[in-house]
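Undergrad: For reference, the structure I am asking about is given below.
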Amino acid sequence: MSFKNIFISLYKKYPLFRFGVIVLSVFAVIGVITLATFQARKIPSITSITPQFGSPGDIMIINGKNFGSTRSSGYVEIGGSRVTASSYLQWQDDRIRLILPTNVQDGLVIVGTKAGRSRVNSFFANESGIPVEVPVNLRSLAPSIASVSPASVTTGSLVTITGFNFGSARNSSLVYFSTQREAVNLTENIDEGSGDSVNPFEHVCARAENFDYEVWSDTEIQLRVPDGAESGVLFVKTEKGLSNQFAIDVKNPAGTKTYQNLRSYVIQMNADVENINSRQNSSLVLRVPVPYESSRQPYYEVTECLPEPAMKNYDNTICHLIDLSRSSAKKMRFTHKFVVYSYGVNTSVNEKSVKPYTEKNRALYVHALAPDMLIKCNDDDVVNLAQDIVKNETNPYVKARLIYNYMTEKIEVTEKLRDAKENPMSIFSKGKGDAYDFALAYTTLLRAAKIPALPVSGILVSADKSSRNHWWTEFYIENFGWIPADTALGAGMEYRGFGNVADPKKFYFGNLDGQHIEFSRGSRDLRPVLSNAGNVYRPKTYALQSIWEESSSGNVNYSSLWNDPVVLGIY
C-alpha cells in the first residue's frame with residue numbers, strides 16, 4: 001500500500017490524526033508567512049537618492065534602511081550596472097555614499113544585499129544625456145583668462161584678471177599662484193568633485209579670510225597677491241574646472257621667505273559627552289576645530305570622524321549635532337583624526353627696504369588692527385606702553401623687533417598656565433606669564449603700535465612626539481607678507497625641537513619650525529548653529545574660537561570632556 005493510501009486511511013479512521021494534521025498545517029502556514037514577513041523586513045529599502053541628476057565623479061547619497069552596517073556582499077546597481085568596490089565612500093544601515101563611475105548610465109537605482117534587492121522606487125539620470133531647450137554654448141564652461149594686470153607685482157598688491165566664465169559670484173572658486181616649496185605627490189584627488197585637482201604644495205591660493213578678494217564677476221577678478229606667492233603662473237579654479245595659466249612676476253624687495261623641512265603629523269582629538277539628562281526637543285552641538293590652512297600649513301586631511309558629523313566644515317569646525325532627547329546613551333565619544341602637513345618658515349628681511357603702510361583702509365589692515373574679544377589694543381595704558389617701547393621709530397619691522405626684544409628680555413616665561421581669568425597684559429606688572437599671555441600681549445602691543453598682527457593658536461610638538469597647547473603671533477609687512485614671532489620660545493620656554501636652535505631669541509623672531517601646528521589665526525567669533533542657545537567658550541585652548549559647544553534651552557544637564565590633541569605619528 002502506498003504512503004498516500006495509508007495517509008488517507010488514517011485520516012478517515014482516526015479523528016485525533018485528522019486534528020493533528022490540521023494543527024500542523026496551520027502552524028506550517030503561519031511559519032511560512034512569518035518567515036516571509038521577517039525576510040521582507042530585512043530587504044533593503046530606498047527612501048531617497050541625491051542627486052537624481054548628476055555626472056561621473058559626483059558623490060551620490062542613498063538614504064533608506066536595511067542596507068547592513070557594513071557592505072560585505074552588498075552592492076549598488078545603477079542603470080543595470082553594479083558600482084565597483086573602489087567607488088564606495090561610506091556604507092551603513094541607513095546611508096550609502098559613493099562616487100558615480102565614469103560609465104554611469106540613466107536607469108533605476110537598486111541596493112542589493114543577501115536578503116534581496118530593493119524595490120524599484122528611485123531613478124537616476126546622467127546630466128550629459130538630458131536634452132535642453134536651448135543650444136549649448138560652444139564656448140567652454142571652464143574659466144578662461146584673457147589678461148592679467150600688472151604683470152609684475154609684490155605680495156599684497158592688487159591684481160586685475162580679465163576673461164570669462166569666472167562666475168557671477170566667487171562662492172567656492174579660488175585663484176592660485178605658483179610657490180617654491182618642497183613638493184609632495186598625493187595619490188588622491190585633493191579637490192573632490194571638482195573634476196580637476198590642484199597640488200597645494202606647488203601652489204598657494206588667495207584666501208577670503210585674509211581679505212584677498214576685492215572684486216569678483218563673470219569677466220573680472222580683482223584680488224591681492226597672497227602670502228607665499230612666487231614668480232610663475234596664476235590660474236582660476238571654479239566648479240567647472242581650471243582656467244589657462246598666465247605668467248606673472250612676483251617681486252619682494254623687502255626680503256625673502258623660504259619654506260623647508262616639511263613634516264606630516266597624525267593627530268587625534270577626542271571629546272566625551274556623558275551624564276546626559278535632558279528634556280524633550282533638546283539639542284547639543286559640538287564645534288570641533290580643524291587644522292588651519294595657510295602658506296606654511298598648506299593641507300590637511302580628515303582620516304577619521306566618528307560619529308558622522310552634521311557638517312564637516314562650517315567656519316573651520318566640524319559640527320556634531322546631537323538630539324539628546326532621543327539619545328539613550330549615558331556616554332558618547334567623538335573621535336577625530338587628521339593628517340596635517342606643516343613647513344618650517346624662514347624669513348630674511350632687508351629692513352631698509354621696509355616702508356610704512358600706505359593703504360590705510362585696506363580690509364586686512366582694518367581687521368588686524370582692531371580690538372576684539374581678546375586683543376584690547378585701544379586701552380590707553382597699552383597704547384602708552386607701546387609708544388614708550390618704540391619711541392620715534394617709524395619702520396614697522398623695527399618696531400615689531402623692539403617690542404619682541406622688550407618682552408623676551410623683561411618678562412619671565414612660566415611653563416605652568418596661569419588662571420584663564422588673568423588679563424594677559426598683567427604680565428608686565430607681574431613680570432612673568434605663560435605662552436598664551438606672551439602671544440596675546442605681543443599681538444596687543446603690535447596693534448597698539450599700528451602694526452597688523454594676529455594671534456595664532458595650535459599645538460607645539462616636541463621631538464618625543466609629546467605635544468602641548470601653544471600660542472604665537474604673526475605680523476604683516478607691506479609688500480612682504482606675514483612674519484612669525486614666538487615670544488614665549490624666544491624668552492626661553494623649555495622645548496625639545498627636532499633640530500638644535502643655537503639662539504632661540506634670535507631665531508623665533510621671523511622664523512618658525514615645522515613643529516608648530518595651527519588650528520586658528522586671530523580671535524574667531526563663530527556664527528552659532530542653534531538659535532537662542534547657551535554657548536560654551538574654552539579659554540587657553542588650541543583654537544581661539546568663541547564657541548565650542550551650543551546647547552538648546554531644553555537641556556537639563558550634561559557634562560563634557562575635551563581632550564587636547566595627541567600626536568600619533570610624525571613622518
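The values are calculated or read from the model by the stated rules, or taken from the named source; none is laboratory data. Small disclaimer: the values here were computed from a predicted structure and weren't measured. Every residue, glycine among them, receives a Cβ derived from its backbone with ideal geometry; neighbour counts consider all protein chains shown. The protein model used for the area step is the full one, side chains on, heavy atoms only, and it has no ligands, DNA or RNA in it. Shrake-Rupley method; radii C 1.70, N 1.55, O 1.52, S 1.80 Å.
Undergrad: What are the residue pairs meeting all of these: first residue in region 402-431, first residue closer than 17 Å to Ile375 by Cα and without any contact (Cβ under 8 Å) to a residue 60 or more places away in the chain, second residue assigned to a helix (DSSP H, G or I) and open to solvent by less than 50 Å² (accessible area, probe 1.4 Å), Cβ atoms under 6 Å, and 6 or more apart or on different chains?
TA: Matching pairs, first to second residue: Ile403/Ile389; Ile403/Leu445; Pro424/Asp437; Pro424/Leu440; Pro424/Ala441; Met425/Ala441; Ile427/Asp437; Ile427/Ala441.
Undergrad: When you scan region 126-140, do you find a residue that is modelled with pLDDT of 90 or more and part of a loop (DSSP other than H, G, I, E, B), even just one?
TA: Among the residues of region 126-140, not one is modelled with pLDDT of 90 or more and part of a loop (DSSP other than H, G, I, E, B), which makes the answer no.
Undergrad: Among the residues of region 146-175, which ones are buried (at least 17 other Cβ atoms within 10 Å of the Cβ) and over 23 Å from Asn252 (Cβ atoms)?
TA: Scanning region 146-175 gives Gly163, Asn165, Phe166, Gly167, Arg170, Ser173.
Undergrad: Can I ask one more? List the residue pairs whose Cβ atoms are under 7 Å apart, where the first residue sits in region 79-96 and is more than 17 Å from Ser55 (Cα to Cα), the second is part of a strand (DSSP E or B) and of a type in the set (S, T, N, Q), and the two are 6 or more positions apart or on different chains.
TA: Partner pairs satisfying both residue conditions: Asp94/Asn63; Arg95/Asn63; Ile96/Gln90.
Undergrad: Return only the number of the condition from (1) within 20 Å of Gln515 (Cα to Cα); (2) open to solvent by less than 10 Å² (accessible area, probe 1.4 Å); (3) of a type in the set (Ser, Thr, Tyr) that Tyr436 does not satisfy.
TA: (2)
Undergrad: Which of (1) surrounded by fewer than 20 Cβ atoms within 10 Å (Cβ to Cβ); (2) outside any strand (DSSP E or B) is the odd one out, the single condition Gln297 does not satisfy?
TA: Checking Gln297 against (1) surrounded by fewer than 20 Cβ atoms within 10 Å (Cβ to Cβ); (2) outside any strand (DSSP E or B), the one that fails is (1).
Undergrad: For region 370-388, what are the residues that are closer than 17 Å to Phe475 by Cα and open to solvent by less than 50 Å² (accessible area, probe 1.4 Å)?
TA: Result: Ala370, Asp372, Leu374, Ile375, Cys377, Ala386.
Undergrad: Here's another thing I want to ask about it. Pick from region 517-562 the residues that are of a type in the set (S, T, N, Q) and touching a Phe, Trp or Tyr at 6+ places or on another chain (Cβ under 7 Å): which of them is least open to solvent (accessible area, probe 1.4 Å)?
TA: Among them, the one singled out is Ser520.
Undergrad: If I filter region 186-206 for residues that are modelled with pLDDT of 95 or more, in a loop (DSSP other than H, G, I, E, B) and either closer than 21 Å to Asp315 by Cα or open to solvent by less than 30 Å² (accessible area, probe 1.4 Å) (or both), do I get at least one hit?
TA: Taking every residue of region 186-206 in turn, at least one turns out to be modelled with pLDDT of 95 or more, in a loop (DSSP other than H, G, I, E, B) and either closer than 21 Å to Asp315 by Cα or open to solvent by less than 30 Å² (accessible area, probe 1.4 Å) (or both).
Undergrad: Give Ile248, Ile276 a once-over and let me know the one that is of a type in the set (Val, Ile, Thr), surrounded by 17 or more Cβ atoms within 10 Å (Cβ to Cβ) and closer than 29 Å to Ser353 by Cα.
TA: Ile248
Undergrad: Let me ask you something else. With Ser282, Ser264 as the choices, which residue is in contact with a helix residue (DSSP H, G or I) (Cβ under 9 Å, 6 or more places away or on another chain) and either modelled with pLDDT under 95 or surrounded by fewer than 19 Cβ atoms within 10 Å (Cβ to Cβ) (or both)?
TA: Just a single option satisfies the conditions, and that option is Ser282.
Undergrad: Do you know which of the residues in region 389-406 that are among the aliphatic types (A, V, I, L, M) and touching a Phe, Trp or Tyr at 6+ places or on another chain (Cβ under 6 Å) is least open to solvent (accessible area, probe 1.4 Å)?
TA: Among them, the one singled out is Ala400.
Undergrad: Let me ask another. Could you please give the count of residues in region 207-239 that are in contact with a Gly (Cβ under 9 Å, 6 or more places away or on another chain) and in a strand (DSSP E or B)?
TA: Adding up the residues that qualify gives 6.
Undergrad: Among residues belonging to region 334-381 that are in contact with a Ser or Thr (Cβ under 8 Å, 6 or more places away or on another chain) and of a type in the set (A, V, I, L, M), point out the one that is modelled with the lowest pLDDT.
TA: Taking the candidates together, the pick is Met373.
Undergrad: Which residues, taken from region 333-352, are open to solvent by 40 Å² or more (accessible area, probe 1.4 Å) and farther than 29 Å from Gly499 by Cβ?
TA: Arg333, Lys352 - these are the residues of region 333-352 that are open to solvent by 40 Å² or more (accessible area, probe 1.4 Å) and farther than 29 Å from Gly499 by Cβ.
Undergrad: When only residues in region 363-395 that are touching a strand residue (DSSP E or B) at 6+ places or on another chain (Cβ under 8 Å) and part of a loop (DSSP other than H, G, I, E, B) count, which is nearest to Pro452 (Cα to Cα)?
TA: Only one residue tops the list, namely Ile375.
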